[in-house]
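Read through the structure below, which is laid out as structure tokens, and then see the notes.
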Amino acid sequence: MTEMNFDAFGLATPILAALKHAGFVKPTPIQQGAIPHGLAGKDVLGLAQTGTGKTAAFALPILQAMAGHKLHNRRFSTRALILAPTRELAVQIEQEFKKFGAGLGLRVVLIVGGVGRSGQVARMSRGADIVVGCPGRVLDLMNTKELIIDQCQFFVLDEADRMLDLGFFPDIRKIVTHLPTRRQSALFSATMPAEIAKLAEGLLHDPVRVTVAAVASTPARIAQSVHFVEGAQKRELLVQLLRDPAFTRAIVFTRTKRGADRVALQLNGAKISATSLHGNLSQNARQRALDAFKSGEARVLVATDIAARGIDVSGVSHVVNFELPNEPESYVHRIGRTARNGAEGVAVAFCDATELPYLNQIEKLTGIKMQVASGTRPAQAMPVKKPQRHPDMVVRKAKPATAPGAKLGAKPRRPQYQEKRAKVA
Ligand code: ADP
Ligand code: MG
């Protein structure tokens, strides 16, 4: 690949200054591949894992197009819409737009659930240049005409595969029907199952396909190993491992939210500073947990997949799979939290006899036989009591259209995957 710098894209001076300030010198492969096409007004279909720099890949062309074209925005209207699957990801994208667009005087508005909608409506009432949001709340505001996208010139769907997992596709299809046909779009995903390919086909016009690194590949810089350990012994082993000061900043993944809370409590009991991050926490509590982890106040973040997806914290030394995920791709995403930006990282997995099939699937996907750190590989797997769906998810019934406070004309919400409330002791 040719050596190049951001200077080569011909970006506006304030954007270049912001990039320099952020320490961005050389574009990552997805940025090298996608930015020139974005700047040329082409639609982009990007296939890349998390941590590859997708945000700037779609943000910079949009900012460049808006630089020097300050329009007077209509009330509640936006010129660009970026959809992300979780609030944390939306916040990160919003911050990146603000960072790189700092000198352009643009209005960037965040539209996510879990926080009051009145502040968001007030911001939209002055019109926006860029809206970054999650599908549920975006559709909610669209239904009440407090978010209007019929003049939207740029549309980005980020992490389409996670959107699919979370059941957001029906919402997305509805949102898309309100976009003008003349627009520039981009879709990013780590995988391209048939549903996503189909959505992309309807969404993108003659797209340029940009692919970097196969999903199955785990960065070679990550040392991976597995401890064969009985479920009941896992917490003790975790405490023992985390006593090692080499675990300067560790993310521990559990399968359930209750599990995350329990493990964090246990660690705190063992005088290891830990905080949990999952979907049952309020937006503020989640942000506090992330801030504590980023600042180093908490050395360990215990998280579920959905909450930690795409979370970008630099300097994560270790990722511990306290429980193995049943989708092998999740393993790849999880360990991608470490070894960012060329750093080295360590991934440790705990595997009990019921999880052996998951380990086998992971090894098959990554093509790497994991080094055994302790215990012995069970000769055969114990039967798994496999839940029909992820244990943190239940299908919630649709609210009746006449629910108190429902706006006239607002469509009733479809049944949606919702995170189940866990009782924390
Ligand atoms: P993705 O969306 O693919 O998961 P991000 O856009 O969140 O990746 O980028 C991952 C991290 O890498 C972020 O901390 C981002 O600031 C940093 N980063 C992205 N591109 C560059 C670059 N060209 N130079 C330096 N750091 C970068
Ligand atoms: Mg991203």
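The values are calculated or read from the model by the stated rules, or taken from the named source; none is laboratory data. What you see is a predicted model, and the numbers here were worked out from it, not measured in a lab. Ideal geometry is used to build each Cβ from the backbone, glycine not excepted, and the neighbour counts take in all protein chains shown.
Going residue by residue through the stretch 54-76, is there one that turns out to be of a type in the set (S, T, N, Q), in contact (Cβ under 8 Å) with a residue 60 or more places away in the chain, more than 16 Å from ligand 2 (Cβ to nearest atom) and in contact with a strand residue (DSSP E or B) (Cβ under 9 Å, 6 or more places away or on another chain)? No, every residue in the stretch 54-76 fails to be of a type in the set (S, T, N, Q), in contact (Cβ under 8 Å) with a residue 60 or more places away in the chain, more than 16 Å from ligand 2 (Cβ to nearest atom) and in contact with a strand residue (DSSP E or B) (Cβ under 9 Å, 6 or more places away or on another chain).
Considering (1) within 14 Å of ligand 1 (Cβ to nearest atom); (2) buried (at least 18 other Cβ atoms within 10 Å of the Cβ), the lone condition that LYS26 does not fulfil carries the number (2). Against the definition (at pLDDT below 85, outside any helix (DSSP H, G or I) and within 20 Å of HIS227 (Cα to Cα)), how does LYS364 come out, yes or no? No: the conditions fail for LYS364.
Looking at GLY336, GLY345 in this structure, which one is within 16 Å of ligand 1 (Cβ to nearest atom) and farther than 30 Å from GLY114 by Cα?
Among GLY336, GLY345, only GLY345 is within 16 Å of ligand 1 (Cβ to nearest atom) and farther than 30 Å from GLY114 by Cα.
The residue of the stretch 91-105 that is modelled with the lowest pLDDT, among those that are away from ligand 1 (no atom under 16 Å from the Cβ) and part of a helix (DSSP H, G or I), is GLY103. The single condition from (1) buried (at least 20 other Cβ atoms within 10 Å of the Cβ); (2) farther than 21 Å from GLY345 by Cα; (3) within 21 Å of the chain's Cα centre (by Cα) that VAL263 fails is (3). Being farther than 20 Å from LEU238 by Cα, within 16 Å of ligand 2 (Cβ to nearest atom) and touching a residue at least 40 places away in the same chain (Cβ under 8 Å) is a condition met by at least one residue of the stretch 312-322. When the residues of the stretch 284-311 are filtered to those that are of a type outside the set (A, V, I, L, M, F, W, C) and in contact with an Asp or Glu (Cβ under 9 Å, 6 or more places away or on another chain), the one that is farthest from ligand 1 (Cβ to nearest atom) is GLU297. Here ASP7 meets each of (1) surrounded by fewer than 17 Cβ atoms within 10 Å (Cβ to Cβ); (2) modelled with pLDDT of 90 or more; (3) near ligand 1 (Cβ under 10 Å from one of its atoms) with one exception, condition (3).
Residues in the stretch 16-34 that are away from ligand 2 (no atom under 15 Å from the Cβ) and either in a helix (DSSP H, G or I) or in contact with a Lys or Arg (Cβ under 7 Å, 6 or more places away or on another chain) (or both): LEU16, ALA17, ALA18, LEU19, LYS20, HIS21, ALA22, GLN32, GLY33.
In the stretch 125-132 there is at least one residue that is within 22 Å of GLN92 (Cα to Cα) and within 16 Å of ligand 2 (Cβ to nearest atom). Please find, within the stretch 77-113, the residue that is surrounded by the fewest Cβ atoms within 10 Å (Cβ to Cβ) out of those that are within 13 Å of ligand 2 (Cβ to nearest atom) and of a type in the set (A, V, I, L, M, F, W, C). Ranking the candidates gives VAL91 first. Within the stretch 21-49, residues that are over 18 Å from MET192 (Cα atoms) and at pLDDT 95 or above have Cβ atoms under 7 Å from residues that are polar (S, T, N, Q) and more than 15 Å from ligand 2 (Cβ to nearest atom) in these pairs: LEU39/GLN64; GLY41/GLN184, counting only partners at least 6 apart in sequence or on another chain.
Looking only at the stretch 77-90, count every residue that is assigned to a helix (DSSP H, G or I) and in contact (Cβ under 8 Å) with a residue 60 or more places away in the chain and tell me the total. Spell out the reasoning first.
Here is the first cut: in the stretch 77-90, the residues assigned to a helix (DSSP H, G or I) are 87-90.
From what's left, in contact (Cβ under 8 Å) with a residue 60 or more places away in the chain: 87-89.
Qualifying residue count for the region: 3.
Can you find a residue in the stretch 39-56 that is assigned to a helix (DSSP H, G or I) and surrounded by fewer than 18 Cβ atoms within 10 Å (Cβ to Cβ)? So far as the stretch 39-56 goes, yes, one or more of its residues are assigned to a helix (DSSP H, G or I) and surrounded by fewer than 18 Cβ atoms within 10 Å (Cβ to Cβ). The number of residues in the stretch 291-308 being touching a helix residue (DSSP H, G or I) at 6+ places or on another chain (Cβ under 9 Å), surrounded by fewer than 23 Cβ atoms within 10 Å (Cβ to Cβ) and touching a residue at least 40 places away in the same chain (Cβ under 8 Å) comes to 3. Taking the conditions (1) crowded, with 16+ Cβ neighbours inside 10 Å; (2) of a type in the set (Lys, Arg); (3) away from ligand 1 (no atom under 15 Å from the Cβ) in turn, ARG74 satisfies each one other than (1).
Among the residues of the stretch 13-23, those that are hydrophobic (A, V, I, L, M, F, W, C) and buried (at least 17 other Cβ atoms within 10 Å of the Cβ) comprise ILE15, LEU16, ALA18, LEU19.
Does ARG162 satisfy the condition of being basic (Lys, Arg) and crowded, with 19+ Cβ neighbours inside 10 Å? Against the criterion (basic (Lys, Arg) and crowded, with 19+ Cβ neighbours inside 10 Å), ARG162 qualifies.
A search for C-beta distances below 6 Å between a residue of the stretch 141-168 that is at positive phi and any residue that is away from ligand 1 (no atom under 16 Å from the Cβ) and not basic (Lys, Arg), counting only pairs 6+ apart in sequence or on different chains, returns GLY167/TYR417. Of the residues screened, LEU63 is not one that is away from ligand 1 (no atom under 13 Å from the Cβ), closer than 30 Å to THR366 by Cα, assigned by TED's automatic domain parsing to the domain that holds LYS145 and surrounded by 13 or more Cβ atoms within 10 Å (Cβ to Cβ).
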